[in-house]
Amino acid sequence: MASIVKMNVNGREQEHLIPDSLLLIEFLRDRLGLTGTKRGCDGGECGACTVLVNGKQRLGCVTLAKSVSGQSVETIESVETRGRLSRLQQAFHEKLGTQCGFCTPGMIMAAEGLLRDNPSPNEAEIKEALSGNLCRCTGYVKIIESVQAAIEPGGVSP
Amino acid sequence: MDFDLLMPTSAAEAIALMQENPNARYLAGGTDLVPNLRRGIGAPDILIGLDGVEDLKGISEGGDYLTLGAGVTLAELEGSGLSGRYGALSAAVDIAGPALRQAATIGGNLCLDTRCIFYNQSKWWRNANQYCLKLDGDTCHVAPKGQRCHAAFSGDLAPALMVLGAEVRVVGPNADGWKPISDLYHEDGLAHLTLAPGDLLVAVRLPVVSRDLRSGYLKSRLRKAVDFPLAGVAVALRREGDAITDLRVGVTGTNPRPLLFDGLVGGMDQGPNDDALSAITKEIGQMIKPMRTTNLPGLYRRQMVTVLTRRLITDLYDAGDRKE
């Protein structure tokens, strides 16, 4: 069965006729063309598809699009402002928190979710918030440093 | 994966929908069910989503009980701060990963399907292996000579809630009442839940007196996030002076059901000692059956149950509530 689903994605109201079994990641990538959200393990284990639903971390690959109808979804495409990188993006760029880049959208959205609840997390809290996100390049040290740089005054270039 | 997703707004409506559609499945957070369906494990025509069911939400404290709605998410439970008073609920803090806990629910974790390395695989993989006794096949690859499914129950909350004396409320076409959480389970990997068709787990309640118990939960897993427990142990005990006067141990990850061991205080008048602890872990060892259902051998998981049980009892005795 298909249903008309409404949701706010990155600040814009969307209304689409979609199959009930469509996943949120399929809706974002294939219907809306928001391909910044990555499909990694495809089973809820790697965090590459992390987006925010009502400001909280959720995984696009285990969430049915219809089940979040009426809610507010944010993806990596929403964090820049008029072409300027967000502090987190700038920090990942400057502190080498991104190498191949595949896990980065999920890492940044997971960190974004953390910083909204807790603007000055300690290292343990950062590690906990990113514990569901796998990176096969960096060994995580640079990712933790990137999040720390983003919350420090003067931690990233203006 | 092709199904209709129905979105009832009350428990009564959800149960009625299930009676009209006997092949439907309830969908709570979906963090285990959705990956399974995508792998071709089950193919229901209809899912009955419980997200919008208001009766399942909320945490309330009144009278003799603390009541948790089955639809309360693990993140909400974590944010409630209850593990400060009920130490074993710290189990909730470490289930899966942060994003999964935003969706996953208490009821979903209690009704989690049993797991096995021969079952939680893609259809292609299982086909190449002639499927298995749990689904579409006729041989259990863990114990090929037997006719039993050894898939292990791997929920973290069940043992923690068991040692705290929790009860569950099940509502269905022919049911509405509270029962001990142990009664929710069978020792059968194929059908480990005692729920009748249409039955819905609505709430869990804890006797507030269990606040007086010292309790904790520890588990063994390879990755410290997302992984299911390969063995998990919850302990609740009461210390009066030097004596342990109440001791309960809950175990998960080893059998098709979570297990509760109660009344284990023998020989603990002066607190934990090697003889009494050995007797307890021997009694537990006779009941647990960790098989080759995970990426760690059964013997290792058996030893971890002993290690975690001893560690929790001695630490709780010495210090109070214990968190991982």
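The values are calculated or read from the model by the stated rules, or taken from the named source; none is laboratory data. Just so we're clear, the structure is a prediction, and the values are computed from it rather than from any experiment. We place every Cβ from the backbone using ideal geometry, glycine too, and count neighbours over all the protein chains shown. The protein model used for the area step is the full one, side chains on, heavy atoms only, and it has no ligands, DNA or RNA in it. Shrake-Rupley method; radii C 1.70, N 1.55, O 1.52, S 1.80 Å.
Brief remarks follow.
- Any hit, the stretch B:121-140, residues being within 14 Å of chain A (Cβ to nearest Cβ), of a type in the set (Lys, Arg) and surrounded by 24 or more Cβ atoms within 10 Å (Cβ to Cβ): no
- Filter result (within 13 Å of chain B (Cβ to nearest Cβ), in contact (Cβ under 8 Å) with a residue 12 or more places away in the chain and open to solvent by 60 Å² or more (accessible area, probe 1.4 Å)) within the stretch A:121-139: A:127
- Count of residues meeting criterion [open to solvent by less than 20 Å² (accessible area, probe 1.4 Å), more than 23 Å from residue B:26 (Cα to Cα) and assigned to a loop (DSSP other than H, G, I, E, B)] in the stretch B:150-171: 1
- In the stretch B:32-46, the residues that are facing chain A (nearest Cβ under 9 Å) reach residues that are in a helix (DSSP H, G or I) and open to solvent by 20 Å² or more (accessible area, probe 1.4 Å) with C-beta atoms within less than 7 angstrom, at least six apart or across chains, in these pairs: B:39/B:123.
- Residue match in the stretch A:40-51 (condition: more than 11 Å from chain B (Cβ to nearest Cβ), within 14 Å of the chain's Cα centre (by Cα), of a type outside the set (Asp, Glu) and open to solvent by 10 Å² or more (accessible area, probe 1.4 Å)): yes
- Selection within the stretch B:270-291 - not in a loop (DSSP other than H, G, I, E, B) and not aliphatic (A, V, I, L, M): B:274, B:275, B:278, B:281, B:282, B:283, B:285, B:286
- Answer residue from the stretch A:1-13, given it is in contact (Cβ under 8 Å) with a residue 12 or more places away in the chain and open to solvent by 40 Å² or more (accessible area, probe 1.4 Å) and is farthest from the other protein chains (Cβ to nearest Cβ) among those: A:11
- Taking the conditions (1) assigned to a loop (DSSP other than H, G, I, E, B); (2) in the same structural domain as residue B:175 (by TED's automatic domain parsing); (3) open to solvent by less than 50 Å² (accessible area, probe 1.4 Å) in turn, residue B:202 satisfies each one other than (1).
- When residues in the stretch B:224-274 are screened for being basic (Lys, Arg) and in contact with a helix residue (DSSP H, G or I) (Cβ under 7 Å, 6 or more places away or on another chain), 3 of them pass.
- Checked across the stretch A:110-119, the condition of being under 23 Å from residue A:33 (Cβ atoms) and over 16 Å from the mean Cα position of the chain (by Cα) holds for no residue.
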